[in-house]
Ligand code: SF4
């Protein structure tokens, strides 16, 4: 494993989309062209089902490992105008979408959604759904909860509206690591929020852990997983820390490169956690996720219904994800679009009646073919090459780039079927890279992506 990690730990995408963001071609995507892709989605799939992601960007303090689009402030006067803008953005879309959408899932991400008062969040969802509450069987509602500012009122009011899932940002319980990443949250505080959520009736609680953090050692991950197991969350995400200081600037430069576990030392943190989680009944799902057998993520993985989009893994296989809020990314299957990343500019544009996208990509036939292969690999660890390729030599190119992985027993090729082996699972991002025509055509990869392991 050590040699393989050293060989394959190269910069590469996490594949929440294909083409990946650095290869999007439309720096000034036209709104009409974007709306056409949404209406095409409805026409081709004969479905109005959609997922909604709402980005709530404010945080009270900066965690130095963070790669999210956020604004740090303690001024809560920002809440109301921001929520007003998100509601308006939704109205801009509903007035232009030529069908009646059904929201199958909604997720509050951030930033820190629980920075906002419970009443502001409820005002937002009531306006979106035009309803006082939602049947959780009809629509899956979830939110990211920061253990330091999630109140009983948040948990109660969101549950009453119809929310049944939440994910708690944990990272690591070691005081040394918490200090290095400027995020102090003792286990007792997390337990209080977790227990309250269970008592209220949330049916799926996820804990988000991170491996590869500065100053994190094997003893820290063991202790963090042991503590996590005492609460038995339904899902556990074990994300690889993405070190991208050229994107995030000083926020991630608050510690030294030498503080970061590297290559096989970093991978060992994941492998140790995996052994501990699997021995307690958790099933490894796709890349860096675990779930108990009863959880819908595990059920979807076994049934090969798992889907992946900008929100990560999801059980709702909608082919239209609308992202609202500053920096949010949308995916209409035939196109991607990203919103303005400056909060004030986002609010201003929405208030002027503009759909605030600033860049995107319209997918070609070859993009669509490759995106399906990569999605299959990320969700099910296998894919089947189409009988007819969308451009000549596409399959030959993929097969030739797969040869190294084949020699290392990381994949199997049987006719048109390509399967990631058990040994190859840690390297699934590398397998996807063999399918990635943009990467194959590009010479420059440095400072584009974090490393794959
Ligand atoms: S990790 Fe979460 S709470 Fe911390 S700065 Fe990033 S978005 Fe904000």
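The values are calculated or read from the model by the stated rules, or taken from the named source; none is laboratory data. The shown structure was predicted, so the numbers you read here are calculated from the model rather than taken from an experiment. As a convention, Cβ positions derive from the backbone with ideal geometry for all residues, glycine included, and neighbour counts pool all protein chains shown.
Structure data summary
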| item | result |
| --- | --- |
| Members of segment 73-99 that are exposed (fewer than 13 other Cβ atoms within 10 Å of the Cβ) and without any contact (Cβ under 8 Å) to a residue 12 or more places away in the chain | 75, 77, 94, 95 |
| All positions within segment 180-189 that are in a helix (DSSP H, G or I), within 16 Å of the ligand (Cβ to nearest atom) and touching a helix residue (DSSP H, G or I) at 6+ places or on another chain (Cβ under 8 Å) | 180 |
| Any chance residue 275 is farther than 14 Å from residue 53 by Cα, in the same structural domain as residue 49 (by TED's automatic domain parsing) and free of Cβ contacts under 8 Å to residues at least 24 places away in the same chain | yes |
| In segment 100-124, the residues that are over 23 Å from residue 297 (Cβ atoms) and surrounded by 15 or more Cβ atoms within 10 Å (Cβ to Cβ) | 101, 111, 112, 115, 116, 117, 118, 120, 121, 122, 123, 124 |
| Lone qualifier among 441, 409, 367 - being within 29 Å of residue 337 (Cα to Cα) and modelled with pLDDT of 95 or more | 367 |
| Selection status of residue 288, under 24 Å from residue 321 (Cβ atoms) and either in contact with a strand residue (DSSP E or B) (Cβ under 9 Å, 6 or more places away or on another chain) or in contact (Cβ under 8 Å) with a residue 24 or more places away in the chain (or both) | yes |
| Residue selected from segment 38-74 under the condition within 14 Å of the ligand (Cβ to nearest atom) and out of contact with any strand residue (DSSP E or B) (no Cβ under 9 Å at 6 or more places or on another chain), by the criterion modelled with the highest pLDDT | 74 |
| Any chance residue 207 is closer than 24 Å to residue 294 by Cβ, more than 16 Å from the ligand (Cβ to nearest atom) and touching a helix residue (DSSP H, G or I) at 6+ places or on another chain (Cβ under 6 Å) | no |
| Selection count where residues are surrounded by fewer than 21 Cβ atoms within 10 Å (Cβ to Cβ) and within 13 Å of the ligand (Cβ to nearest atom), scope segment 148-179 | 3 |
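Residue-by-condition table, conditions (1) more than 16 Å from the ligand (Cβ to nearest atom); (2) assigned to a strand (DSSP E or B); (3) outside the structural domain of residue 77 (by TED's automatic domain parsing):
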{"residue": "94", "(1), (2), (3)": "yes, no, no"}
{"residue": "104", "(1), (2), (3)": "yes, yes, no"}
{"residue": "109", "(1), (2), (3)": "no, yes, no"}
{"residue": "119", "(1), (2), (3)": "yes, no, no"}
{"residue": "124", "(1), (2), (3)": "yes, no, no"}
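Quick grid of which residues meet (1) out of contact with any strand residue (DSSP E or B) (no Cβ under 7 Å at 6 or more places or on another chain); (2) modelled with pLDDT of 95 or more; (3) closer than 30 Å to residue 278 by Cβ:
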residue: 309; (1), (2), (3): no, no, yes
residue: 312; (1), (2), (3): yes, no, yes
residue: 316; (1), (2), (3): no, no, yes
residue: 324; (1), (2), (3): no, yes, no
residue: 332; (1), (2), (3): yes, yes, no
residue: 338; (1), (2), (3): no, yes, no
